[in-house]
1. Ignoring ligands, DNA and RNA, please state the percent of accessible area on the chain from carbon and sulfur, probe 1.4 Å.
2. Using DSSP to define loop residues, name the chymotrypsin sites (Phe, Trp or Tyr not before Pro) in the range 211-268 whose beta-carbon has at most 12 other beta-carbon atoms within 10 Å.
3. What Kirkwood hydrodynamic radius, in Å, does the range 99-250 give when the mean of 1/r is taken over all pairs of distinct Cα atoms and then inverted?
4. Quick check of the Kirkwood formula: for the range 1-157, what is the inverse mean of 1/r over all pairs of different Cα atoms, in Å?
5. With viscosity set to 1.306 mPa s at 10 °C, what whole-number translational diffusion coefficient in µm²/s follows for the range 111-163 from Stokes-Einstein and a Kirkwood radius over Cα pairs?
6. Given a 1.4 angstrom probe, what's the average accessible area per residue across the chain, in square angstrom?
7. How far is it, in nm, from the label point at residue 233 to the one at residue 173 when both lie 7 Å from their Cα along the line to the Cβ?
8. If the viscosity is 1.306 mPa s and the temperature 10 °C, what translational diffusion coefficient in µm²/s does Stokes-Einstein give for the chain when Rh comes from Kirkwood over Cα pairs?
Amino acid sequence: MSSTFPIGIFDSGIGGLTVASAIRKILPNEQLIYFGDTAHMPYGDKSPEAVKFYSLKIAKFLLDKQCKVIVIACNTASAHAFHELVHFLGDQVPIINVIDPVVDLLAKNGSDKKIGVIGTKSTIRSDIYARKFKLANPDLEVSSLATPLLAPMIEEGFFNNNISKTVINSYLSSSKLKKIDSLILACTHYPLIQDEISAFYKGTVNIINTAEIVAQYVHDRLSELKLLNEGSLKKHQFYVSDYTPSFEKSTRLFFGEKIGLRLESIWE
Ligand code: DGL
């Protein structure tokens with residue numbers, strides 16, 4: 001394993017580019033190889049078996065690209081496929097999910113009593129956050145709410161407007177999220193509506209942007225493994241399993257700049 005090898009990142013689609021963008025900010029010297037499974041998104045409505053199947057194929061693709069670490073930039077795939085991927089990859093390459101770094105950080109923080117979680121139906125149904133917090137800090141109360149309209153709404157460019165405000169306010173007014181101290185944005189699309197969520201709570205709730213926490217964790221893991229790239233930066237590569245010009249246009253929203261997407265078929 002060489003420190004010059006790329007960081008592999010994948011998501012059900014382009015939402016995981018928020019995590020890629022946060023990683024690029026903290027690790028500007030690292031080459032990123034991103035795979036967005038646009039042919040099968042949304043994962044949030046799929047069965048755990050389907051999400052496992054797709055995730056294993058993508059991990060194999062990133063392994064073939066000689067990635068030195070693989071980051072699951074999707075809460076739904078982190079909830080359902082992490083253990084299979086750990087088993088599949090063995091000690092070939094470390095794998096990082098978007099849930100554990102966040103749970104570890106908040107469980108240690110000590111000032112929260114109740115934590116809210118919003119995410120796709122599939123992530124919330126898995127109850128993964130409550131189960132992990134129970135192990136990490138049993139004193140914390142965790143209350144989760146599925147917010148399935150948010151990811152498609154963001155992908156269609158509906159944020160910072162009256163429609164997004166109405167949808168966000170309606171979800172956040174749920175009794176499940178009453179009296180929370182922190183709210184975990186447990187979907188990689190949600191950093192784009194972080195400001196609107198903060199505006200709803202008017203500073204009374206700590207909004208947890210998982211992309212930044214995961215990026216810091218990737219930095220720390222690579223540093224620990226002595227795998228931080230000290231060589232020159234190679235060009236990032238972005239792959240999708242289904243290409244449309246509209247996906248490409250949306251990359252600007254999630255990554256901060258428009259990027260060229262390459263179509264890659266990995267299913268046969
Ligand atoms: N990126 C996915 C996640 O973080 C949400 C989108 C989807 O349902 O595929 O859970």
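1. Looking at the chain in its full context, I get 52 percent from C and S.
2. 267
3. Kirkwood radius, the range 99-250: 17.2 Å.
4. Result for the range 1-157 stands at 16.3 Å.
5. Roughly 127 µm²/s, to the nearest whole number.
6. 45
7. Between residue 233 and residue 173, the simple spin-label model gives 4.5 nm.
8. D = 85 µm²/s.
The values are calculated or read from the model by the stated rules, or taken from the named source; none is laboratory data. Owing to the predicted nature of the structure, the values given are computational and were not obtained by experimental measurement. As a convention, Cβ positions derive from the backbone with ideal geometry for all residues, glycine included, and neighbour counts pool all protein chains shown. All accessible areas refer to the heavy atoms of the entire protein, side chains included, with ligands and DNA or RNA removed. Shrake-Rupley method; radii C 1.70, N 1.55, O 1.52, S 1.80 Å.
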